[in-house]
Amino acid sequence: MRASIRRLDPDFLKDTPELSTALAMADDDGRDVFEKIPCDWKTVREWASSLPAPRKR
């Protein structure tokens, strides 16, 4: 994840210093972070609609 963030959005970590610090200190412990995320797209869309809309630049 760390490698792809910088390539896909070079300003992402600049705009989120707390996340940048957390990622810099992160260590892969082998857990599957996606194991509890539903695979059903209807459920995913319902969950996503509950999130705040991203800020426009």
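Being at pLDDT below 85, assigned to a loop (DSSP other than H, G, I, E, B) and open to solvent by 90 Å² or more (accessible area, probe 1.4 Å) is a property that Lys56 has. Going by the structure shown, is Leu51 hydrophobic (A, V, I, L, M, F, W, C), exposed (fewer than 10 other Cβ atoms within 10 Å of the Cβ) and at pLDDT 85 or above? Yes. Within region 27-37, none of the residues are more than 14 Å from the chain's Cα centre (by Cα), modelled with pLDDT of 85 or more, at negative phi and outside any loop (DSSP other than H, G, I, E, B). Considering region 6-20, the residues that are under 14 Å from the mean Cα position of the chain (by Cα) and more than 18 Å from Arg55 (Cα to Cα) include one that is modelled with the lowest pLDDT, namely Arg6.
For beta carbons closer than 9 Å, sequence separation of 6+ or different chains, a first residue in region 29-57 that is within 23 Å of Asp15 (Cα to Cα) and a second that is charged (D, E, K, R) and outside any helix (DSSP H, G or I), the qualifying pairs are Arg57/Asp11.
The values are calculated or read from the model by the stated rules, or taken from the named source; none is laboratory data. Source: prediction; values computed, not measured. Here Cβ is always computed from backbone atoms with ideal geometry, including for glycine, and neighbour counts include all displayed protein chains. Calculation scope for accessible area: heavy atoms of the full protein, side chains included, ligands and nucleic acids excluded. Shrake-Rupley method; radii C 1.70, N 1.55, O 1.52, S 1.80 Å.
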